[in-house]
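Worksheet: one structure, shown below.
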Amino acid sequence: MSKAVPEGYRYGDPDLPPSPVTAQDLERLKASVLFDQADEEALRQAWEVLKGQVEDILDVWYGFVGSHEHLLAYFSTPEGQPISAYLDAVRPRFGKWIEDTCTRPYDATWLAYQEEIAVRHTPAKKNQTDHVDSVPNVSIRYLIAFIYPITATIRPFLSAGGHSEKQVDAMHQAWFKAVTLNVALWTRPYLTEGW
């Protein structure tokens, strides 16, 4: 994984508006998925295992998306032609998301970037970051459904660090909770008037 900041990656950008999700909302969401300090520690440990495997993880995820026409459609023209440049542009940001999920403090800066990711799945900002002509939004059902493959496929990578089964399970459960938390935040723009 390159150390360069990916094009369109805006974590920490002072020009990003704050998330409408408050710190109290976030604490309630964390409590709802049973996410606590132990999970934060398990995610830090997970990053130590995953950081050298990011490209391999992305290969698995991209293979999954590419093998399902209904998912690949979100990276394609409205006529259904995959946009290679779009897939290539998103990939390094997806890799940074793995790192951010494991290492960033879940605070106002993190919330602001989660909101930015969220709106990039909707007509408000989809296609703008990478200047592509693709479909106007990602269906919320696939954001939610994607929790499972993103969680299930990470476990073999977590197992590669030589940790005990108990430690791998703790990292995997923390990842599952974190992904669910991310997706819960990404659904917010879909729940506005008119959607």
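The values are calculated or read from the model by the stated rules, or taken from the named source; none is laboratory data. From a predicted model like this one, the values you see are computed outputs, not experimental measurements. All Cβ positions, glycine included, derive from the backbone under ideal geometry; neighbour counts span all protein chains shown.
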- When (1) charged (D, E, K, R); (2) farther than 16 Å from residue 6 by Cβ; (3) in a helix (DSSP H, G or I) are applied to residue 79, the one that fails is (3)
- Message: Can you pull out every residue in the range 31-40 that is without any contact (Cβ under 8 Å) to a residue 24 or more places away in the chain and acidic (Asp, Glu)?
- Response: 36
- Looking only at the range 98-125, which residues are buried (at least 20 other Cβ atoms within 10 Å of the Cβ) and free of Cβ contacts under 8 Å to residues at least 40 places away in the same chain? 120
- Message: Here's a check for you: in the range 122-139, which residue that is among the charged types (D, E, K, R) and in contact with a helix residue (DSSP H, G or I) (Cβ under 6 Å, 6 or more places away or on another chain) is farthest from residue 81 (Cα to Cα)?
- Response: 125
- Query: Is at least one residue of the range 20-30 touching a residue at least 40 places away in the same chain (Cβ under 8 Å), surrounded by 12 or more Cβ atoms within 10 Å (Cβ to Cβ), under 25 Å from residue 165 (Cβ atoms) and not hydroxyl-bearing (Ser, Thr, Tyr)?
  - Reply: no
- Which one of 160, 145, 152 is farther than 23 Å from residue 33 by Cβ and either of a type in the set (Asp, Glu) or surrounded by fewer than 19 Cβ atoms within 10 Å (Cβ to Cβ) (or both)? 160
- Message: When you scan the range 112-119, do you find a residue that is aliphatic (A, V, I, L, M) and assigned to a loop (DSSP other than H, G, I, E, B), even just one?
- Response: no
- Query: Within the bounds of the range 52-71, is there any residue that is assigned to a loop (DSSP other than H, G, I, E, B), within 24 Å of residue 140 (Cα to Cα) and touching a residue at least 12 places away in the same chain (Cβ under 8 Å)?
  - Reply: no
- Message: For a quick check of your reading: which helices (runs of 4 or more DSSP H) sit entirely within the range 127-189 and have at least 3 residues that are closer than 24 Å to residue 69 by Cα and at pLDDT 95 or above?
- Response: 140-145, 147-152, 165-186
- Query: If residue 39 satisfies every condition in (1) farther than 22 Å from residue 94 by Cβ; (2) surrounded by 14 or more Cβ atoms within 10 Å (Cβ to Cβ); (3) among the charged types (D, E, K, R) but one, which is the exception?
  - Reply: (1)
